[in-house]
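For reference, the structure is listed below as structure tokens.
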Amino acid sequence: MADERIDEERLALEEADMSEQAQLYEHFRIAADPGQVPLRVDKFLFEHLQHSSRNRIQKAAEAGFIHVNDRPVKSNYKVRPGDVVTLMLDRPHYDDTIEAEEIPLTIVYEDDDLMVVNKEAGMVVHPGCGNYHGTLVNAVAWHLRNNPDYDPNDPEVGLVHRIDKDTSGLLVVAKTPDAKTKLGVQFFNKTTHRSYNALVWGNFVEDEGRIEGNIGRDPKDRLRMEVFPPDSEIGKSAVTHYRVLERFGYVTLVECILETGRTHQIRAHMKHIGHPLFCDERYGGTEILRGERTASYRAFVQNCFKLCPRQVLHARTLGFVHPRTGKQMDFTSEWPADMTQLIDKWRLYFMNRNNERS
């Protein structure tokens, strides 16, 4: 749950009154590694509070909110091995207790050990900054509210993996600690089978390919991921395989299979090779990147954006070994209506365009 914790710290830094207060509350704590080289505390925290700006951290230090070994320090303090750095703010930590909320769920499979859910686009998976209610986790808590063995606030049960808010498709939820442990091992060892369908800008020369590149936070936009060379020490290694499913001239429908499961992996990798996901605002997909310069074509694309106003990405298949029975479990999710209508619209446009040229 580290990403949600970091989101909370960013929100707290944004909203904190930087005047001195009589009582401070701990929001974040980290101990420097034994091999830590001397590093300014503002830079040190910037590297660990990934959703905060260095400027906000410096302001927090000026107000006495950054402590090292229980004493306030300024931004230029050099963190050394063994130092304990804490973020102390003038308000209690947000109560992140997960409450059951009556929210509709599409459940494609369920037994005593797990459930497979088909998430709709627009639903946040887990409570975090700005989205503390109405999430998939809240909906699961309601669905399992009469199960005495399921505690939504117990990290040993619940979601095994995640997908982005505006990505639709399949997720698996563990009902027991044993199920979560065994499923987690499969995800870690990359023995699960997951495929995504995406509509991306541009046409591919080849029918299939492999994208390899480390994924880490974009230093210019902390809410976006960037691709770095595989041999660099920046980010985490990531590999995406893709295969062309259907070509529409200016956009292409592809299948993506992940070797790794990094944040925004498909979105960042496709942007990296010059094929941003259609209507993916964060990665430039809401610009008209391919096609004609006519007013009619621009109007057509704008209508497409309105028809499916999100990145066109769907977690289509999910396969794993059942944690108790050892049986292979495979699931497929049909495209949601917005994606189906969008692809039909592009298919018809491409057919008409080809007919006019023949």
For this session: Can you tell me the relative contact order of the chain? Whole percent, Cα pairs under 8 Å, sequence separation 6 or more.
Result: 13
Problem set entry | C-alpha long axis of helix 177-188 to longest principal axis of the chain, angle in ° | 70
For this session: May I ask for log10 I(q)/I(0) of the stretch 136-242 at q = 0.13, 0.17 Å⁻¹, from a Debye sum over the Cα atoms as equal point scatterers with solvent left out?
Result: -0.72, -1.06
Exercise. Which lysines, on any chain, are close to residue 327 with Cα under 25 Å apart, when same-chain ones fewer than 8 places away are left out?
Worked result: 119, 175, 180, 182, 190
Seminar exercise, completed: Karplus ³J(HN,Hα) for the stretch 194-200 (6.51 cos²θ - 1.76 cosθ + 1.60, θ = phi - 60°; Hz, whole; x = Gly/Pro) runs 9, 9, 10, 10, 9, 9, 10
Seminar exercise, completed: The equivalent-ellipsoid semi-axes of the chain, taken as the square roots of five times the Cα gyration tensor eigenvalues and listed largest first in whole Å, are 39, 27, 20
Exercise. Looking at the stretch 304-358 from every direction and averaging, what is the projected area of its Cα convex hull in nm²?
Worked result: 5.7
Seminar exercise, completed: Among 197, 159, 241, the residue whose Cα sits farthest towards the positive end of the charge dipole of the stretch 133-243, when +1 is placed on the Cβ of each Lys and Arg and -1 on the Cβ of each Asp and Glu, is 159
For this session: Quick one: which residues, 5 or more positions from residue 214 or on another chain, have an amide H under 5 Å from its amide H? H modelled 1.01 Å from N in the peptide plane, none for Pro or chain starts.
Result: 228, 238
Exercise. Roughly how big is the stretch 260-345's charge dipole about its Cα centre, with Cβ charges of +1 (Lys, Arg) and -1 (Asp, Glu), in debye to the nearest 20?
Worked result: 220
For this session: Using a/c under 1.5 as the rounded threshold, could you call the stretch 143-198 rounded, prolate or oblate? The axes a ≥ b ≥ c are square roots of the C-alpha gyration tensor eigenvalues, and prolate needs a/b larger than b/c, oblate otherwise.
Result: oblate
For this session: Calculate the dipole size of the chain relative to its Cα centre from +1 charges on Lys and Arg beta carbons and -1 charges on Asp and Glu beta carbons; express the result in debye to the nearest 20.
Result: 1340
Problem set entry | Simple Cβ-charge dipole of the stretch 57-168, Lys/Arg +1 and Asp/Glu -1, about Cα centre, in debye nearest 20 | 1040
Problem set entry | Positive-end extreme of charge dipole, the chain - chosen from 318, 256, 127 (charges on Cβ) | 256
Problem set entry | GNM top mover of 213, 35, 284 - the chain, alpha-carbon springs below 10 Å | 35
Exercise. Taking all pairs of different Cα atoms in the stretch 32-76, averaging 1/r and flipping that mean, what Kirkwood radius in angstroms comes out?
Worked result: 10.8
For this session: Would you list, by chain and number, the lysines whose Cα falls below 22 Å from the Cα of residue 43, excluding same-chain residues fewer than 8 positions away?
Result: 59, 74, 78, 220, 236
Seminar exercise, completed: Per GNM of the chain with C-alpha springs under 10 angstrom, the most fluctuating residue out of 345, 165, 175 is 345
Seminar exercise, completed: Residues whose modelled amide H sits under 5 Å from the amide H of residue 246, counting only those 5 or more places away in sequence or on another chain, are 253
Seminar exercise, completed: GNM of the chain, Cα pairs under 10 angstrom: of 299, 60, 121, the biggest fluctuation goes to 299
For this session: Any chance you could list the semi-axes, whole Å, largest first, of the equivalent ellipsoid that the Cα gyration tensor gives for the stretch 219-296, using √(5λ)?
Result: 25, 16, 9
Seminar exercise, completed: Highest mean packing first, using Cβ neighbours within 10 angstrom, the peptides 230-236, 109-115 sort as 109-115, 230-236
Problem set entry | Size of the stretch 249-358 as Cα extents on the principal axes (Å, biggest first) | 58, 27, 25
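Computed from the coordinates by the stated procedures, all read-outs in this text should not be read as laboratory data. From a predicted model like this one, the values you see are computed outputs, not experimental measurements. For neighbour counting, all protein chains shown are included, and Cβ atoms are generated from backbone atoms with ideal geometry for every residue, glycine included.
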